[in-house]
Amino acid sequence: MEINFINETNKDFSEAESIILEVFSQFSSVNKLFNIIFVDDEKIHEINKTYRGVDRVTDVISFALNDSEEITGLPEESLELGDIFIDIRQAERQAKLYNHSLKREIAFLSVHGYLHLCGYDHMKKEDEEIMTKKQEEILNNVNIRRELV
């Protein structure tokens, strides 16, 4: 697993990068590549409005290069999955709102975005249940649980 980090803000994201690398270390044998781009409220708002028609800030947006395959169906050869945009300010606000750590929120958003890159979605209740279960499984594997702070 290879993750390219791109910082489009003036904030230091080394701690967030470490958290994300910890989460995805469980996939070390997977030969996949994706980008995580850290952005601010204004940039994610612009992306959300332009590409989703939603005129507000959001926490994470994924752009998959191939929307047709799920994680279990990915070919063995190297595959570039796409881009995940994370708004760290929104992540900070949500960590406070949900009363859990920023580490947990960053880990969750990166996994959520990754699963979208792999073809998962939550448009239907059944799909949401599958995606939620997979997110929790991935986070539990590295002992990042929903804990109150």
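FYI, it's all coordinate maths here, none of it is from the lab. What you see is a predicted model, and the numbers here were worked out from it, not measured in a lab. Every residue, glycine as well, gets a Cβ built from its backbone with ideal geometry; the counts of neighbours run over all protein chains shown.
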Task: Convex hull of the chain built on C-alpha atoms - directionally averaged projected area, nm² - done: 8.7 nm²
Open item on the list: If amide hydrogens are placed 1.01 Å from N in the peptide plane, which non-local residues have theirs closer than 5 Å to the one on ASN66?
Closed with: none
Open item on the list: Under 10 Å, Cα contacts only: if you run a Gaussian network model on the chain, which one of LYS49, LYS124, LYS11 comes out with the highest mean-square fluctuation?
Closed with: LYS124
Open item on the list: Taking the beta-carbon count within 10 Å as an exposure proxy, list LEU65, LEU33, LEU79, LEU97 from fewest neighbours to most.
Closed with: LEU97, LEU65, LEU33, LEU79
Task: Peptides 103-114, 133-144 ordered by average Cβ neighbours within 10 Å, highest first - done: 103-114, 133-144
Task: Gain in span if fully extended, TYR51 to ILE130, counting 0.36 nm per residue against the direct Cα distance - done: 25.9 nm
Open item on the list: Mean-square fluctuation check for the chain, GNM, Cα pairs under 10 Å: which of GLU129, GLU22, GLU92 is largest?
Closed with: GLU129
Task: Leading residue at positive end of dipole, the chain (Cβ point charges), from ILE61, GLN90, THR9 - done: GLN90
